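To start, the structure under review is shown below, and the notes come after it.
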Amino acid sequence: MFKGKTVSLTLIDNGFAEITFDNQGDSVNKFNTETLADLRQAVDALKVQDGVRGLLLSSAKPVFVVGADITEFKDMFAASKDDFIAAAQHVNGLFSEIEDLPYPSVAAINGFALGGGFEICLACDSRVISSKAAIGLPETGLGILPGWGGTVRLPRLIGYSAAVNWVASGQQQRPDAALQAGAVDAVAEPEQLRDASLALLEELASGKRDYQARRAQKTSALDMSESEIETAANNYRGALLGKVGNHYPAPLKVLELISGAAGLDRDEAIKRENEAFYEISQTPQARALVGLFLNDQYIVKQAKNRSRALAEKLPEIKTAGVIGAGIMGGGIAYQNAIRGYSVVMKDINQPALDLGIQEAKKLLAKGVSRGKLSEEKAAQILGLIKPTLEDSDVGQCNMVVEAVVELEAVKKQVLPAVEALLDDNATITSNTSTISINRLAESLQRPENFCGMHFFNPVHAMPLVEIIRGENSSDATIAAVCAYALGLGKKPIVVNDCPGFLVNRVLFALLFGLEILIAEGADFQQIDKVMEGWGLPMGPAYLMDVIGIDTINHCYPVMINGLPERFKKTADLWPTEAVYKADRLGQKNARGYYSYELNDKGKPSKAVDESVIQMFSELYGDAKMVDADEIVDRLMIAMAMEMVHCLEEGVVASPAEADMALVYGVGFPTFRGGICRWMDEIGLQEVCDRGDRYAHISELYRPTEKLRAMAANGETLYS
């Protein structure tokens with residue numbers, strides 16, 4: 001009856017019609033402009049076809065429909081309000097036409113049916129789901145809300161409370177939970193999904209099941225009084241504020257929308273949804289979160305493209321090597337093993353090997369306790385790690401991560417010794433956070449096979465891996481390490497060698513801003529509180545305690561010596577130096593900016609330490625309160641300007657990679673989208689103005705001439 005590039009309409013047995021999603025240009029089905037146009041034609045053809053008794057919706061792909069094509073969101077967000085609402089209403093009208101057909105409809109859900117993919121299923125009279133599938137409305141994770149009837153049909157199908165939970169959380173739902181809630185009518189094994197769906201459709205078409213009552217329920221107001229809705233909404237509002245705070249408006253908007261539309265029929269409620277969808281799409285959080293989603297796809301694509309371009313030259317990683325055990329080495333070895341790599345963990349000390357294996361065992365035990373691994377599977381994974389004191393065991397490795405102590409002299413001894421054990425084509429990387437890759441490469445015979453591979457701690461939890469290209473690192477080496485990082489389940493971002501590389505370089509600009517503020521007499525506790533309120537996962541003083549005060553002091557000279565034009569001390573004794581000299585190393589010895597005791601869960605809990613306050617009072621005078629906006633600017637503009645320098649110098653190739661590095665590397669708040677997105681949101685001219693306001697204090701704040709020119713031209717970093 002109709003066949004497009006993404007959707008087909010076919011007459012099948014028993015007088016049934018079938019709409020099949022099968023995007024010929026992609027590995028998955030998604031609702032893009034082309035798919036919606038094809039679906040429009042299929043529904044038009046269906047409506048003029050005589051003798052149809054029922055409609056089956058299915059997918060020829062391993063998944064149903066994964067949702068809307070997010071790459072089209074930029075144009076959608078830029079549309080006028082009238083055009084935006086007209087586009088949303090067009091899709092809603094299409095789904096309602098399916099819902100209003102003069103015969104029943106069933107969706108056969110295989111794989112994922114998410115977002116718009118689930119919303120079209122909700123428009124059907126019944127749903128059968130594969131036991132291996134999942135459904136959900138994840139839009140709040142993108143800072144938006146379901147815009148194609150999801151907030152209208154779901155509460156009328158599964159009830160107000162369940163719908164608010166599902167939509168506000170954005171969580172995917174497994175088949176058993178979906179069946180229990182009433183979102184689907186049956187669960188079938190994948191090979192039986194089609195037959196079960198057709199059998200249900202026959203029951204509906206023959207009158208054995210009443211689909212009209214369900215249809216009336218979905219198109220009418222909710223069966224709740226205004227007082228019941230108000231009470232429930234107030235309870236959920238408090239819970240949502242406690243969970244997401246004020247920085248993420250989408251979940252609260254969902255609550256407001258579902259509650260406000262509860263007393264309306266379907267069509268009026270959808271009009272309300274259209275308005276709310278537009279309003280939430282115009283928020284900076286929506287731009288930030290959608291931008292992060294696209295940036296994530298971009299950095300993975302960049303890594304894959306590097307690997308594909310040199311696929312013939314890249315050897316299969318048969319056995320990886322980790323040189324240097326302990327907690328860090330053990331974490332890297334664990335990450336290899338959990339992803340299926342056989343790995344040799346080499347050290348010169350048995351206690352270090354024992355510590356590394358203990359770290360891997362601890363992480364595997366957590367997986368077992370959470371039900372993610374069986375004892376047998378955990379033992380198999382641990383068996384992939386070979387701890388050894390023998391140099392000869394390293395010879396079999398063709399991808400090696402050096403993770404010894406962060407001292408250049410030691411690394412320059414270890415790296416050539418390891419190189420001598422390996423095949424000429426083996427790749428060597430250094431897990432260093434500060435030491436120049438170019439200088440380390442001087443110790444090697446084959447520097448083209450060498451680059452940096454900076455894992456973030458804890459390795460298993462932090463997504464980012466910085467891949468640092470040295471002057472002599474070959475494209476094949478970078479491609480091989482990108483492929484390896486992807487295989488480890490990490491997000492690789494390639495940067496060029498420079499002091500601090502990318503993440504630490506811009507992070508240390510923020511920390512220098514902190515040092516200057518405290519030395520001026522600011523209260524570090526207030527600074528932490530303000531910055532946590534701004535969205536950082538922890539305040540900068542607290543962060544230094546977590547990293548280690550000794551580590552911070554070890555790294556500061558790298559920045560001061562490497563970039564002396566901006567990284568300068570403004571006091572003889574900086575606060576963190578004073579903390580370090582008082583033998584306060586942070587959480588590792590329970591004394592840093594704060595003091596620490598283990599809580600009931602065995603994790604360090606911070607408390608105010610009067611001795612630190614007294615020490616700073618003697619050095620810098622009594623602590624004074626500083627305007628919160630100034631605190632934010634003094635830290636974030638320093639970070640922003642250093643990122644601008646990194647972009648202009650080519651340390652990082654794009655704002656997308658720059659933003660994802662901070663989000664994945666230091667937990668930069670996702671609702672702000674990254675430091676570059678934040679600069680674009682407040683405007684580059686405003687960034688320059690704020691920088692000029694504090695440039696007399698430190699060169700860290702002074703805007704570059706290129707940034708000034710971009711600001712004058714009204715440009716953005718992402719443009």
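Is it the case that segment 612-634 has a residue that's free of Cβ contacts under 8 Å to residues at least 60 places away in the same chain, within 17 Å of Asn496 (Cβ to Cβ) and either part of a helix (DSSP H, G or I) or not assigned by TED's automatic domain parsing to the domain that holds Leu543 (or both)? There is no residue in segment 612-634 that is free of Cβ contacts under 8 Å to residues at least 60 places away in the same chain, within 17 Å of Asn496 (Cβ to Cβ) and either part of a helix (DSSP H, G or I) or not assigned by TED's automatic domain parsing to the domain that holds Leu543 (or both). Quick check, is Thr427 surrounded by 13 or more Cβ atoms within 10 Å (Cβ to Cβ), within 31 Å of the chain's Cα centre (by Cα) and not aliphatic (A, V, I, L, M)? Yes; evaluated as a whole, the condition is true for this residue.
For first residues located in segment 279-300 and without any contact (Cβ under 8 Å) to a residue 40 or more places away in the chain and more than 23 Å from Asp82 (Cα to Cα), partners that are surrounded by 17 or more Cβ atoms within 10 Å (Cβ to Cβ) and basic (Lys, Arg) and lie 6+ apart or on another chain with Cβ distances below 7 Å do not occur.
Yes or no, residue by residue, for (1) of a type outside the set (Lys, Arg); (2) within 15 Å of Ala286 (Cβ to Cβ):
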{"position": "Glu72", "(1), (2)": "yes, yes"}
{"position": "Lys81", "(1), (2)": "no, yes"}
{"position": "Ala88", "(1), (2)": "yes, yes"}
{"position": "Val91", "(1), (2)": "yes, no"}
{"position": "Ile98", "(1), (2)": "yes, no"}
{"position": "Pro102", "(1), (2)": "yes, no"}
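When each of Asp82, Asp38, Asp26, Asp50 is tested for being outside any loop (DSSP other than H, G, I, E, B) and free of Cβ contacts under 8 Å to residues at least 12 places away in the same chain, the lone residue that passes is Asp82. Hey, among the residues in segment 115-129 that are among the small types (Gly, Ala, Ser) and within 14 Å of Ser96 (Cα to Cα), which one's farthest from the chain's Cα centre (by Cα)? Restricting to residues being among the small types (Gly, Ala, Ser) and within 14 Å of Ser96 (Cα to Cα), the top hit is Ala123.
Scan segment 566-585 residue by residue and report those that are more than 18 Å from Ala522 (Cβ to Cβ) and modelled with pLDDT of 95 or more. Passing the criteria: Arg566, Phe567, Tyr580, Lys581, Ala582, Asp583, Arg584, Leu585. At least 2 residues being surrounded by fewer than 24 Cβ atoms within 10 Å (Cβ to Cβ) and of a type in the set (Lys, Arg) is the threshold, and among the helices (runs of 4 or more DSSP H) wholly inside segment 640-719 those reaching it are 684-694, 705-712. For segment 215-248, the set of residues classified as in contact (Cβ under 8 Å) with a residue 40 or more places away in the chain and either under 28 Å from Gly93 (Cα atoms) or hydrophobic (A, V, I, L, M, F, W, C) (or both) consists of Arg215, Gln217, Lys218, Thr219, Ser220, Ala221, Leu222, Met224, Ile229, Ala232, Leu240, listed by residue number.
Suppose we keep only residues that are aliphatic (A, V, I, L, M) and more than 24 Å from Ser130 (Cβ to Cβ) within segment 29-68. Which one would you say is surrounded by the fewest Cβ atoms within 10 Å (Cβ to Cβ)? Filtering segment 29-68 for residues that are aliphatic (A, V, I, L, M) and more than 24 Å from Ser130 (Cβ to Cβ), the one surrounded by the fewest Cβ atoms within 10 Å (Cβ to Cβ) comes out as Val48. Return a yes/no flag: does segment 123-142 have any residue that is modelled with pLDDT of 95 or more, part of a helix (DSSP H, G or I) and more than 30 Å from Ala288 (Cα to Cα). There is at least one residue in segment 123-142 that is modelled with pLDDT of 95 or more, part of a helix (DSSP H, G or I) and more than 30 Å from Ala288 (Cα to Cα). What single numbered condition from (1) within 25 Å of the chain's Cα centre (by Cα); (2) surrounded by 17 or more Cβ atoms within 10 Å (Cβ to Cβ) fails to hold for Val300? For Val300, the exception is condition (2).
Against the definition (more than 22 Å from the chain's Cα centre (by Cα) and either under 18 Å from Leu36 (Cβ atoms) or part of a strand (DSSP E or B) (or both)), how does Ala108 come out, yes or no? So Ala108 passes the test. When segment 493-524 is filtered for residues that are in contact with a Lys or Arg (Cβ under 9 Å, 6 or more places away or on another chain), buried (at least 22 other Cβ atoms within 10 Å of the Cβ) and within 30 Å of Leu310 (Cα to Cα), the ones remaining, listed by number, are Val494, Val495. Residues that are within 20 Å of Cys121 (Cβ to Cβ) and of a type in the set (A, V, I, L, M, F, W, C) within segment 196-221 comprise Ala196, Leu198, Ala199, Leu200, Leu201, Leu204, Ala205, Ala213, Ala216, listed in sequence order.
The values are calculated or read from the model by the stated rules, or taken from the named source; none is laboratory data. Keep in mind that what you see is a predicted model, and the values were worked out from it rather than measured. Ideal geometry is used to build each Cβ from the backbone, glycine not excepted, and the neighbour counts take in all protein chains shown.
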